[in-house]
Amino acid sequence: MQRYILRRLLQGALLLFIVALVVFALARVSGNPIDLLVREDATAEDRAHLQKALGLDRPMHEQLYIFLTGAVRGDLGQSIRYRRSAAEVFFERLPNTLKLLPLAMAGALAIAIPLGVLAAVYRGTLVDRLAGGLAVLGIATPQFWLGIVLIYVFSIQLGVLPSARMGGPSHYVLPAVTLGVFLLAGMMRLVRSSLLEVMGSEFVKLARLKGLSQTIVIWKHCLRNALIPVVTLFGVYFALLVTGAIVTETVFAWPGVGRLTYEAVIFRDYPLLQAVILLKAVIVLSVNLVVDILYAYLDPRVRYA
C-alpha cells in the first residue's frame, strides 16, 4: 500500500507540472490584462510602466521560471485585480463553495441510493422506467438553464426563495438543487447497474438459500458491495463540484471558487487564474488518491501491489 501511495504521489507531482505548463500557456491566450487596467487615454509610457510593475515585460520563459519556482515554494503570485496573494484569495473563497457542497451531495445521495435500489429490484417495471427517465433528464439538463428556471419560478413568480448571493439557509436551496440534480442522476444509474451486478453473485444466492429475507439480502449484503463504484463516482463528483461549479456559482452570484475562476478569466488575472487552476488540480488529485485508498477498506479483495 505504501509503495502504491508513493507511486501515486509521484504521478501527481508530474501531472501538476504538466497542468502548470498548460495553464501558464492558456492564460496568455486570453489577452493582455493591461488593456483592462489602464485608462483609454493612457500613454504608451503609462502602459509600459504598468507592464513592468506587473512583471509582464519579461520574456515568457523567465515568467514561467518565476511561476514554477514560486509554486514549489508555495508562492503562487499576487492577484492583479485584488492586489493580494492569489492563494490567499482562493482559500478565502473555498469555504463558500464547501458550505454549498454538503447540502447538494447529501440531498442527491438521499434520493439517488433508494431510487437506484428500487430500479434494480424492480428491473423492467414502471418504477425502473420512471427512474431511468429521471436520470436521463437530470444528466441532459444544462446547469445554467436549470438555475435560470429555478430563479424564475421560485424567486420571481412565487417569491419564496432568494435568487442570488450568500445569506441565510434559504439562499442555499436553489444553488444546491442545481448542483445536486446532475449528481443525483449519475449516482442513481450507477447504484442500479452496480447492484444488478452484485445481485447475480454467488454469495447473494447463498444468502437467499439460507432463508434471509429480500430486504436483508439487498440492504445488508448487496448494497455494501455495490457501493465501491459509487464511492469512486462520489469522490470524482466531489472534486468536480469543488473545481467545476463555475456555471452554478456565476448564475447565483455565489462567491465561491467557481465564480472566482470566472472572474480571473474575465479580468485576465494571470496569477489568480494560474493559482486557482493549480490548486483545483491539487484538490482533484488528493480526492482521487483518498478514494483509491478507501477501496481496500470497502472490499478486502482489493489489494495494491
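In the chain, the C-alpha radius of gyration followed by the widest Cα-Cα span (Dmax) gives 23.9, 87 angstrom. Cross-link reach is defined here as a Cα-Cα straight distance under 27 Å, omitting same-chain residues fewer than 8 places apart; for LYS205 the lysines meeting it are LYS220. Axis of helix 44-53 versus longest Cα principal axis of the chain: the two differ by about 50°, to the nearest ten degrees. Volume per residue for region 98-160 equals 113 cubic angstrom (convex hull of Cα atoms).
Determine one quarter of the surface area of the Cα convex hull of region 164-296, which equals its mean projected area, and express it in nm² to one decimal.
The Cα convex hull of region 164-296, projected and averaged over all directions, gives 10.3 nm².
Less than 5 angstrom separates the built amide H of SER85 from those of SER79, all sequence-distant by 5 or more or on a different chain. Fully extending the segment from THR43 to ILE18, taken as 0.36 nm per residue of separation minus the present Cα-Cα distance, adds 5.2 nm. Against the main long axis of the alpha-carbon atoms of the chain, helix 60-72 sits at an angle near 50°. Straight-line cross-link partners of LYS280 among the lysines, defined as a Cα under 16 Å from its Cα and at least 8 positions apart when in the same chain, are absent.
Comparing LEU190, MET166, LEU212 along the charge dipole axis of region 162-220, the residue lying farthest to the positive side is LEU212, per the Cβ-charge model. Helix 257-266 and the long axis of the chain differ in direction by around 40°, with both axes built from C-alpha atoms.
Since every read-out is calculated from the coordinates, none of them should be taken as a lab result. Because the structure is a prediction, the values reported are computed rather than measured. Note: ideal-geometry Cβ built from the backbone for every residue, glycine included; neighbour counts use all protein chains shown.
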